[in-house]
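Everything on this sheet refers to the single structure shown next.
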Amino acid sequence: MNKLSATAIALIWIAPLASADPNPLRNAYFGETHMHTALSLDAYIGGTRLMPSDALSFAKGAPVTLPDGTVMQHRRPLDFATVTDHSEYIGEMYSTMYDDAPGHDNEDLETLRTLTDIEDRQSWFFKYVVSSNRSTTPQHPSFYAGPATTKSAWQIIIDAAEEHNDPGNFTALIGFEWSGAPNGANLHRNVIFRDHNVPDTVPSYIEINQEERLWDWMHGQEADGRHLLAIPHNSNASKGRMFPDTDSFGEPIDLAYARTRQHFEPLVEMMQVKGNSEVHRKFWAADEFSNFENADSIQKNSGRIFHQRDFVRGGLKAGLQAEQALGVNPFKLGFMGGTDNHNGLMSQVAEDQFDGAHGPEDGTVERRRTGDVLGWIDGKDLSIGSLGGVWATENTRAAIWDAMKRRETFATSGPRLKVRMFGGVELAATTDPVEMVEQGYLLGAHMGSDLPANPTPPTFTVMAEKDPDGANLDRVQIVKGWADANGDLNERIIDVAWSGDREIDTATGKLPAIGNTVDLATAKFTNDIGAPMLIGAWTDADFDPQSNAFYYARALEIPTPRWSTYDAVREGLPLLEDVPATIQERAWGSPIWYSPAN
């Protein structure tokens, strides 16, 4: 198949970084849009004491010291990052941590500061947080000292981002998490601002109980001259409510809902520590790669039984149907990655370094193997999290945010592999990655955008590059979903480019597996199989110009050890029998959509 030499790939990887001038062909930048510090109550109660400035220092590559004296440092700094502490209870956390803050001497907060036993921590958290925030009428606890404390905590987050933002080198975006959880359904959103023009305080789920009212607040911010977007996350725990037929008030979604959601929510979080939200094997048995970090034990808690619409591909397909009915797609979502790490350690996403993400809940090998994260997931089902990638002209707040807004993004399951795709009727196959990109911008549609209405079958050019420090690539695929004239939903997965001399089986239509070099006794693998780069093209010969459709790229690595295998080998323990010992890390590129002419 189509491959380049390692030297060529190195040149492609390095060249965009050699100039400080904006790159019209755009560079890939990796970062994080979902993590928590001590200003999040659930992180603090788990022992986290790193603050927003510490988390951003860690993201930039500086060492940070944990409360037990452990020094942590990133192997590779990030390009951009956002601290997204829960806006719920940040005022309470300000009172908890600052001696001169209103309410600091409250008896309940004095107890909070001294909790060490995991069961006591869980009991306190359930009493003051879970029982309220997962209800339909959440309330501040009695020790809330008022809006001024929320404002002071928000200012700490702003100041940290301003301190660490370094245009051209590192982008620190300002954001927060609105943690909507009606009856335990995870409808959380991370709200990200484009620049330093932000309000002097932010709302929480306590003040705003529905996502529609969050969008109303965002409308008000835009009216005041601010630019912001929201990223819904880990839809796998949404109890069927992330991609709904009805709004939060029980009314069928309408044109206003579709327009508003598409405007404010251009992206969705594809994966985080609580599992992969692309697909689940229960609903996508025909997808041979759907058994990936399925996080089944989420279903043990809060009645979060999986539905097809808890998953991103199901949401994308539902969006096509909604567009047929309303004229606007409410679920026109590009892809972003995050971790939801609650230890203050930004994008700690290496399988061989994973040591949990929720303090003592998953902070030991034993807890990860036999314990759980209260009210969420079994330790063994945790993932390392995900990285977000953007294709942007330069590493600045405006350029990174604008890439998110236009959905020119991708997500990875941790490694820094890159994926890129263009679509258009005039695109031609090429083995030259620069030519592919130049042609794509000139003649086609980039990831996250729309194909113009045209009766001619479109061609898609797609490319994937391995993580320079990681595993080789197995294949790159295109996933197509479409709604036919009757409104019926369909999908197809196409292997476009792959490594080695394998051939698609004409009887099954499947490409043979890549093989496996993992030594389970040592948790090591080799790059003797796979390719460092894959590039190819596919023309949709079955294209129907009257059908709404989406197309997205999925790139897969060769098999590598899962974090649980690294744990077992290091500790001399048997491998866990009910989770995979190896995984195929992957990247997902934001879709390209097609809509018929009106």
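List of remarks:
- Where the Cα pairs of region 141-240 fall when distances are cut into 10 Å bins, in %: 14, 41, 34, 10, 0
- Surface share of carbon and sulfur [accessible, 1.4 angstrom probe, percent] for region 283-432: 48 percent
- Reference-scaled alpha-carbon Rg (2.2 N^0.38 Å with N residues) for the chain: 0.92
- Over 28 Å (Cα to Cα) - which of Lys405/Lys480; Lys60/Lys282; Lys380/Lys405; Lys332/Lys524; Lys127/Lys282 fall in this group: Lys60/Lys282; Lys380/Lys405; Lys332/Lys524; Lys127/Lys282
- Evaluated on region 217-290, the Kirkwood hydrodynamic radius is 14.5 Å, with distances taken between all distinct Cα atoms.
- Here region 552-596 exposes an accessible surface that is 50 percent carbon and sulfur, computed with a 1.4 Å probe and the other protein chains kept in place.
- Area projected by the alpha carbon convex hull of region 354-432, averaged over all directions, nm²: 8.8 nm²
- Accessible area per residue for region 246-393 is 29 Å², calculated with a 1.4 Å probe on protein heavy atoms, without ligands, DNA or RNA.
- Rounded percent of accessible protein surface that carbon and sulfur make up, region 164-278, 1.4 Å probe: 44 percent
- Low-density loop positions, trypsin sites (Lys or Arg not before Pro), region 254-304 - DSSP coil, at most 15 other Cβ in 10 Å: Arg281, Lys282
- Against the criterion of solvent-accessible heavy-atom surface with a 1.4 angstrom probe, Asp402, Asp120 sort, most first, into Asp120, Asp402.
- Here the dipole of region 441-598 is about 180 debye; that uses its Cα centre as origin and unit charges on the Cβ of Lys and Arg (positive) and Asp and Glu (negative).
- Alpha carbon convex hull of region 436-535, volume per residue in cubic angstrom: 178 Å³
- For Arg309, neighbours were defined as the other residues whose beta-carbon sits under 12 Å from its Cβ, and their charges (Lys and Arg +1, Asp and Glu -1) total +2.
- Acute angle (nearest 10 degrees) that the helix 312-326 long axis makes with the longest principal axis of the chain, alpha-carbon atoms: 80 degrees
- Under a model in which nothing but the beta-carbon of Lys, Arg (+1) and Asp, Glu (-1) is charged, the chain shows a dipole of about 860 debye around its Cα centre.
- A viscosity of 1.002 mPa s and a temperature of 20 °C, combined with the Kirkwood radius over Cα pairs in Stokes-Einstein, give a translational diffusion coefficient for region 81-180 of 143 µm²/s.
- Take region 507-598 with all the other protein chains still there, run a 1.4 Å probe, and you get 40 Å² of accessible area per residue.
- Calculation over all alpha carbon pairs of region 535-598 in 10 angstrom steps from 0 returns a P(r) of 16, 29, 20, 17, 13, 4, 0 percent.
- Each Cα pair under 8 Å and six or more residues apart adds its sequence gap; the mean of these over the residue count of the chain is a relative contact order of 15 percent.
- Based on alpha carbons, the Rg and Dmax found for region 309-413 are 17.6, 52 Å.
- Value of [θ]222 nm, deg cm²/dmol, for the chain, DSSP H segments ≥ 4, -39500 (n - 2.57) each, nearest 500: -6500 deg cm²/dmol
- Shape analysis of region 250-360 based on the Cα gyration tensor places the equivalent ellipsoid semi-axes at 29, 18, 13 Å, largest first.
- Packing here is the average count of other Cβ atoms within 10 Å per residue, and on that basis the peptides 456-463, 34-41, 248-255, highest first, run 34-41, 456-463, 248-255.
The values are calculated or read from the model by the stated rules, or taken from the named source; none is laboratory data. Owing to the predicted nature of the structure, the values given are computational and were not obtained by experimental measurement. So basically every Cβ, Gly included, is an ideal-geometry build from the backbone, and we count neighbours across all protein chains shown. To get the accessible areas, we keep the full protein, side chains included, count just its heavy atoms, and leave off ligands, DNA and RNA. Shrake-Rupley method; radii C 1.70, N 1.55, O 1.52, S 1.80 Å.
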